[in-house]
Amino acid sequence: MGIERPTGGRLSIDPELSSHFSYVFQEPRLVPWRTSRENVQLPLELAGNGTNTDNNEIDALLTSLGLGERLSNFPKELSGGMQMRVALARALITKPRVLLLDEPFAALDERTRFRLQDLLIDLRARLRLQYIFVTHSIAEAVYLGDRVLLMNKNGEIDRDQQIEFGERAQSVKLTQAFNEHVSAFARRFTELESAT
Amino acid sequence: MIAAIRDKLPAWLFLIFLMALWETAVAREWVASYLLPAPSEIYATTVELWPEIWSATQSTFNSIIWGIAASFSIGVTLAIAFFAVPILRRAILPFCVFFQTVPIIAIAPLLVIWFGFGETTVKASAFIVSLFPILANTLTGLQETDHLLREMFALYKPSRWKTIIKLQVPSAIPYILTGLRISVGLATIGAIVGEFIAGGGLGSLIDSARTQQRVDLVFSGVIASSVLALFLVLSIDLISGLLLRRRPYTRSG
């Protein structure tokens, strides 16, 4: 993606996918003097085809993320969850096939966080995209991931777990299967802690 | 409303006290009125010679606007050029800083030699003193863009020019407005200094009143120039306020 330089290891990207990545930061990182609509339009403008952008497409995308009433608002007029949804829309407008998310919901309250988790799951199905999601929350990882990788302090993969649920909805979090996954990771956490 | 009155009231009361003291001091001949005319006398002179004072104020205002328009457009353009081409900045900026330290009163005679007596010299003088604050502030604004937003922009690999236009320049707008606010004050000084030497406007009104020993008229001219400067600063504040309310140009999100 070109923000950070790798410190080691090997990174191989399917050349067919390489131009279909989008990135969502830990913070919304919206341009303060641009409205929601203009913020979503930014990637298109920067890529060079901003002048003939279909405004309807942007509006439809924002509306599908529940921001239909907020098209002309500036970021400071939006709540944290709304700002994050605008940031999601900005990542989605380039029609990515892989979405990279770096703890995007970490700063949000629990309720908003749950809602955005479900939104992400819904987007994955609807837009047929994959995501790589970094999080500090075990429950979030288990809920959002088909495959959860646990990284230790040295940045090595400690655990690699396939996770399958019939359908992902917040009620899954109450099931035994879900909680078994969570406790398995939690146990491993404790072991890693006591080992150091 | 009440709070605003309570806030401003002491200053107004003090002003009234000062005026009363001044008036009394002149009336009782504690100070000679040919050195310090009473407020009432200054007021009478201002009313009597209003057409002259008003036309002088307009002429000075006109020169200031020319000077500011020039320093705004040239200052912002130069700052963007310096920002985009660092070697230009390193080559030229030191001379701008040096130029800025030369007192305007010292170069004013030179301006008369170049541009002759009259408005051109006055405009040039207003321009020279007001250029640097706009240039320096704009440059600072361009350089202080939020690095989180810069990183986000970089994701989309825009051209440098696009980054400047869509990120750095808008981020610099509050700085440009601050520079403009400083510059209008300085441009007023520059214009009046220019008029002392090249003639015209309030500068020449004050100067000729001095040679005629009309201290009352000197005061009228001084008051007119400070009211003019105040008007200009408040206008910039008003424009800034309206602009920033329409679009929140701030450094970071």
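The values are calculated or read from the model by the stated rules, or taken from the named source; none is laboratory data. This is a predicted model, so every value here is computed, not measured. Quick reminder, even Gly has a Cβ in these numbers, built from the backbone with ideal geometry, and neighbours come from all protein chains shown.
Results for (1) touching a Leu at 6+ places or on another chain (Cβ under 7 Å); (2) acidic (Asp, Glu), shown as yes or no for each residue.
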position: A:31; (1), (2): yes, no
position: A:39; (1), (2): yes, no
position: A:46; (1), (2): no, no
position: A:55; (1), (2): no, no
position: A:58; (1), (2): no, no
position: A:70; (1), (2): yes, no
position: A:90; (1), (2): yes, no
position: A:94; (1), (2): no, no
position: A:102; (1), (2): no, yes
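Right, residue A:97: surrounded by fewer than 18 Cβ atoms within 10 Å (Cβ to Cβ), over 23 Å from residue A:184 (Cβ atoms) and of a type in the set (D, E, K, R) or not?
Numbers: surrounded by fewer than 18 Cβ atoms within 10 Å (Cβ to Cβ): yes; over 23 Å from residue A:184 (Cβ atoms): yes; of a type in the set (D, E, K, R): yes.
Yes, satisfied.
Within the stretch B:118-168, the set of residues being within 14 Å of chain A (Cβ to nearest Cβ) and either touching a strand residue (DSSP E or B) at 6+ places or on another chain (Cβ under 7 Å) or closer than 17 Å to residue B:183 by Cβ (or both) comprises B:141, B:155.
Exactly one residue out of B:185, B:221, B:199 is in contact with a Gly (Cβ under 7 Å, 6 or more places away or on another chain) and away from chain A (no Cβ under 14 Å), and it is B:199. Applying the set (1) farther than 25 Å from residue B:216 by Cβ; (2) not assigned by TED's automatic domain parsing to the domain that holds residue B:222 to residue B:91 leaves exactly one unmet item: (2).
In the stretch B:40-62, the residues that are in contact (Cβ under 8 Å) with a residue 40 or more places away in the chain form Cβ pairs under 6 Å with partners that are part of a loop (DSSP other than H, G, I, E, B), at six or more places apart or across chains, as follows: B:59/B:200.
From the list A:125, A:139, A:107, which one is at pLDDT below 90, surrounded by fewer than 19 Cβ atoms within 10 Å (Cβ to Cβ), assigned to a loop (DSSP other than H, G, I, E, B) and among the aliphatic types (A, V, I, L, M)? Outline the logic, then answer.
Working: A:125 fails: assigned to a loop (DSSP other than H, G, I, E, B); A:139 fails: assigned to a loop (DSSP other than H, G, I, E, B).
None of the others qualify; the one that does is A:107.
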